[in-house]
Amino acid sequence: MGMRKLLAFAACSALVLGAVACGSDDNKSSGGGSSKKIGGSINGAGATFPQPVYDEWAARFKDQSGTTVNYQGIGSGGGVAQFTAGTVDFGASDSAMTDEEVAAAKKKGEPVHVPTVFGAVTVSYNAEGIDKGLKLDGATVADIFLGKVKKWNDAAIAKQNSGAKLPDQDITVCHRSDESGTTKLFTTFLAAYSPEWKKGPGVDKTVKWPTGTGAKGNDGVAACVKQNQGGVGYVEQAFALQNNFKTADVKNKSGKYIPPTLESTSAAGDGIKVPADLRFSAIDSPNPGAYPIASATFLLVYQDMCKAGIAKKQATAVKGWLDYALGGGQKVAPELQYAALPDALHTDAQSKVGTLKCNGSAL
């Protein structure tokens, strides 16, 4: 499966997924559910960051289980809100729920975070004559999104790219307009290197942007970058590849300029310390080979789904979907430029899924 598949699946931000994908050997799953017929349908909503891989997983899971996964990429904020309101069977978010969000969700039951894959948030640009691999450090990226660096040949960019011919071209900033976990990951990185960003726009799923054009979803920001000469925005790696974007090599905590690749994204997850509830961020990893704006994305479910108002058949199907995500889905992820979970985290995620219940009984 190549880019043609990615283009087909990532084009829509709200797609009902029922098509049967090409044959595969994904039946080697982490447990029951993905290789036996379950049927029916389940509904989920949230992050656009992992939508290309979730779409592909859903198609293959349908083939194996007979279950249709209706996943809507509405942004992490919307995913958390719908999960908390109980209007979907599972939510999705690129950033872990805050303590306040967890407290709100607990009115229905105990929320469980299931990390699924690692992905990179690229700094993608559309500037005249600038090749892929423009070197940028965190402070400069922050100053671009603060509106302080206004031209592509600004001294702050030029000093990091000796010998490069940089155009005297205005920079057009593209950012998210919706509540986005991708935004929270990106602003976490900016705040780590810019005191002005930390004190000003800050870190959240939505912030007051000092400059630029807002767009909905990763696909919306990608379209903004593509349509504007001089454009720059932050989009997940799969969307950057889909649009043939040039992406920056970003300076990491070890002082190395690292491109967003499958290897450098995977490196962000190596050796990280993860709490028992699996709510973590790998942004600005200390690993010398890590791309610094990479982290996991999460599926959100209730510990006891039936007590939270989900019918047993849907709860069983959600459990099967999660088993597939952590089983055969891990092999599919790299085809779409998402990194599989590191071994230790993968084991922890499987353990969490193994504890899910329906009215007190194991699923």
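The values are calculated or read from the model by the stated rules, or taken from the named source; none is laboratory data. Worth saying up front: this structure is predicted, and the values here are computed from it rather than measured. Glycine gets a Cβ as well: all are built from the backbone with ideal geometry, and neighbour counts include every protein chain shown. Areas reflect the complete protein model, heavy atoms only, side chains present, ligands, DNA and RNA absent. Shrake-Rupley method; radii C 1.70, N 1.55, O 1.52, S 1.80 Å.
Among residues other than Phe145 with Cβ under 15 Å from its Cβ, the summed charge is +2 (Lys and Arg +1, Asp and Glu -1). Just to confirm my numbers, what's the Cα centroid distance between segment 265-324 and segment 33-69 in Å? Spelled out, the Cα-based centre of one part sits 16 Å from the other.
Separation of segment 90-127 from segment 198-253 is 18 Å, based on Cα centroids.
Would you work out the charge dipole size for the chain about its Cα centre, treating the Cβ of every Lys and Arg as +1 and the Cβ of every Asp and Glu as -1, and quote it to the nearest 20 debye?
It works out to roughly 340 debye.
Exposure check, 1.4 Å probe, all protein chains in place: Ser162 carries approximately 110 Å² of accessible surface.
Note on the chain: dipole from Cβ charges, positive end direction compared against Phe49, Ile38, Tyr125; the farthest Cα belongs to Ile38. Return the equivalent ellipsoid semi-axes of segment 238-297 as a descending list in whole Å, where each equals the square root of 5 times an eigenvalue of the C-alpha gyration tensor. They are 22, 15, 8 Å, listed from largest to smallest. Ranking Val274, Val80 from most to least accessible surface, computed with a 1.4 Å probe over the protein chains only, gives Val274, Val80. For segment 246-363, what is the Kirkwood hydrodynamic radius in Å, using each pair of distinct C-alpha atoms? Computed over segment 246-363, the radius equals 15.7 Å. Counting heavy atoms of the protein chains alone, Lys312 has an accessible area of about 130 Å² for a 1.4 Å probe.
Full extension of the chain between Thr87 and Lys198 yields a length gain of 36.5 nm, computed as 0.36 nm times the residue separation minus the alpha carbon distance.
A compact globular protein would have a Cα radius of gyration near 2.2 N^0.38 Å; the ratio found for segment 128-211 is 1.12. The Kirkwood hydrodynamic radius of segment 160-261, based on inverse pair distances between different Cα atoms, is 14.6 Å. If you wrap segment 184-317 in the convex hull of its Cα atoms and look at it from every side, the mean projected area works out to 11.0 nm². At a 1.4 Å probe, what is the % contribution of carbon and sulfur to the accessible area of the chain? The nonpolar share, carbon plus sulfur, comes to 49 percent. Applying a length cut-off of 24 Å (Cα extent along the axis) and a mean Kyte-Doolittle floor of 0.5 to the DSSP H helices of the chain leaves no helix. Here is the P(r) of segment 51-182: all C-alpha pair distances, binned every 10 Å from 0, give 10, 30, 23, 21, 14, 3 in whole percents.
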